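The values are calculated or read from the model by the stated rules, or taken from the named source; none is laboratory data. All values derive from a computational prediction rather than experimental measurement. Here Cβ is always computed from backbone atoms with ideal geometry, including for glycine, and neighbour counts include all displayed protein chains. The area values use the complete protein model at the heavy-atom level, side chains included, leaving out ligands, DNA and RNA. Shrake-Rupley method; radii C 1.70, N 1.55, O 1.52, S 1.80 Å.
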Amino acid sequence: MKDRIPAVIAVALLVALVLGTWWAADYAQRSIPIDPPRRISHDPDSWAEHFIMVRTDESGIAINRLEGVHMNHYPDDDSYLVTTAKAIGQQPGSPITIGTSKIAIMDKNGSRIVMKGDAHLHRLPDKDHAPLDVTSQELTLLPDDNVAFTDLPALVVNGNSTMNGKGMRYDNKTRVLQVFSSSDVKISAQDVQNQQNANAKKKKP
C-alpha cells in the first residue's frame with residue numbers, strides 16, 4: 001500500500017495540472033476580447049480627387065485612361081465609382097475614342113466601365129473614316145475588347161448620317177457599328193461615297 005501512495009499522488013498532481021491548465025486557458029479566452037470577423041460592406045475604403053488612372057499593355061504602352069473629379073473604391077466588389085468621368089481608349093491600330101458621362105463605374109479588374117448619365121462616346125476621325133458620336137443615358141465600355149454597347153435608346157451620328165435606335169454595339173477594331181430597332185435613319189450620300197472610296201483603296205494591291 002505504501003508503494004502505491006507516491007503513484008497516486010503523482011496521478012493526482014497530473015490531473016490537477018491538466019485541470020488548472022484548461023481553466024487558465026478558458027479564463028484567458030473569455031477575459032481577452034476577440035474582434036468579430038470583419039464584415040465587408042459596400043462602403044468606400046479609399047478615395048481620390050482629380051485623379052487619372054492609366055492602363056498599359058504588356059510592352060508598357062498606355063492603351064486606356066480613366067480620369068474624373070472624384071473617385072471612391074469599394075472593397076466588396078473591387079469597383080470604382082467616378083464622377084464627371086472621362087475614359088480614353090488609344091489602342092495601337094485603332095482610332096482614339098473618348099467617353100464622357102456624369103458618373104462611371106469601373107469593375108471586373110478594369111475590363112468594364114459603365115458610363116451613366118448623359119453618356120457620350122466620340123471616335124476621332126481618320127483618313128478613311130468620319131467622326132462617330134454616340135449618346136445615350138448609359139454606355140458600357142469594354143476597354144480590352146475595344147467595344148462599346150448599350151441596350152438603351154441611343155443616337156448615333158456617323159459623319160453626316162444619323163441613326164436613332166434602341167440598342168447599339170460598336171467595335172472599334174473592325175469599325176463595325178450595329179444599331180438595333182432603328183426608328184429613324186438618315187444616311188448621307190456623301191458618307192456612302194466616302195465609304196466606297198475607302199473600300200476601293202483597301203482593295204488596291
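Mind checking which residues of region 100-121 are touching a Gly at 6+ places or on another chain (Cβ under 8 Å) and touching a residue at least 24 places away in the same chain (Cβ under 8 Å)? Even if it seems obvious, please write down each step before you answer.
Step one: filter region 100-121 for residues touching a Gly at 6+ places or on another chain (Cβ under 8 Å), giving 101-104, 113, 115, 119-121.
Across region 100-121, the qualifying residues are Ser101, Ala104, Ile113, Met115, Ala119, Leu121.
Select, from Ser182, Ser136, Ser161, Ser188, the only residue that is open to solvent by less than 80 Å² (accessible area, probe 1.4 Å) and at pLDDT 95 or above. Step through it out loud before you land on a result.
Details: Ser182 fails: at pLDDT 95 or above; Ser161 fails: at pLDDT 95 or above; Ser188 fails: at pLDDT 95 or above.
Ser136 is the lone residue from the list that is open to solvent by less than 80 Å² (accessible area, probe 1.4 Å) and at pLDDT 95 or above.
Which numbered condition trips up Val147, out of (1) at pLDDT below 95; (2) in contact with a strand residue (DSSP E or B) (Cβ under 6 Å, 6 or more places away or on another chain)?
(1)
Restricting the search to region 98-129, which residues are open to solvent by less than 40 Å² (accessible area, probe 1.4 Å) and either within 14 Å of Leu177 (Cα to Cα) or among the acidic types (Asp, Glu) (or both)?
Here is the first cut: in region 98-129, the residues open to solvent by less than 40 Å² (accessible area, probe 1.4 Å) are 99, 101, 104, 106-107, 110-111, 113-115, 117, 119, 121, 123, 129.
Selection gives Asp107, Leu121, Arg123, His129.
Select from region 51-65 the residues that are in contact with a helix residue (DSSP H, G or I) (Cβ under 8 Å, 6 or more places away or on another chain) and buried (at least 17 other Cβ atoms within 10 Å of the Cβ) and list them in ascending order.
Correct list: Asn64 only.
Right, Lys166: closer than 22 Å to Met115 by Cα, exposed (fewer than 14 other Cβ atoms within 10 Å of the Cβ), at pLDDT 90 or above and not polar (S, T, N, Q) or not?
Working: closer than 22 Å to Met115 by Cα: yes; exposed (fewer than 14 other Cβ atoms within 10 Å of the Cβ): no; at pLDDT 90 or above: yes; not polar (S, T, N, Q): yes.
Spelling it out, it is not the case that Lys166 is closer than 22 Å to Met115 by Cα, exposed (fewer than 14 other Cβ atoms within 10 Å of the Cβ), at pLDDT 90 or above and not polar (S, T, N, Q).
Enumerate the strands (runs of 3 or more DSSP E) found wholly within region 43-118, keeping only those where 3 or more residues are farther than 26 Å from Lys173 by Cα.
Values: elements: 46-56, 62-74, 79-89, 97-107.
Those strands (runs of 3 or more DSSP E) span 46-56, 62-74, 79-89.
So which pairs qualify, if the first residue must be in region 59-79 and within 18 Å of Ile96 (Cα to Cα), the second must be of a type in the set (A, V, I, L, M), the Cβ gap must be under 6 Å, and the two must be at least 6 apart or on different chains?
Taking only residues 6 or more apart or on different chains, the pairs are Ala62/Val54; Arg65/Val54; Arg65/Ile88; Leu66/Met53; Leu66/Ala87; Glu67/Ile52.
For region 153-176, give me each residue that is of a type outside the set (Gly, Ala, Ser), farther than 18 Å from Gln137 by Cα and not in a loop (DSSP other than H, G, I, E, B). Walk me through it before giving the result.
Here is the first cut: in region 153-176, the ones of a type outside the set (Gly, Ala, Ser) are 153, 155-158, 160, 162-164, 166, 168-176.
If we keep only those that are farther than 18 Å from Gln137 by Cα as well, we get 158, 160, 171-176.
Answer for region 153-176, where residues must be of a type outside the set (Gly, Ala, Ser), farther than 18 Å from Gln137 by Cα and not in a loop (DSSP other than H, G, I, E, B): Asn158, Asp171, Val176.
What is the residue count in region 73-97 for residues that are within 16 Å of the chain's Cα centre (by Cα) and crowded, with 16+ Cβ neighbours inside 10 Å?
10
I'd like the full set of residues that are hydrophobic (A, V, I, L, M, F, W, C) and part of a strand (DSSP E or B), limited to region 128-148.
Taking region 128-148 first, the residues hydrophobic (A, V, I, L, M, F, W, C) are 130, 132, 134, 139, 141-142, 147-148.
Leu132, Val134, Leu139, Leu141, Leu142, Val147, Ala148 - these are the residues of region 128-148 that are hydrophobic (A, V, I, L, M, F, W, C) and part of a strand (DSSP E or B).
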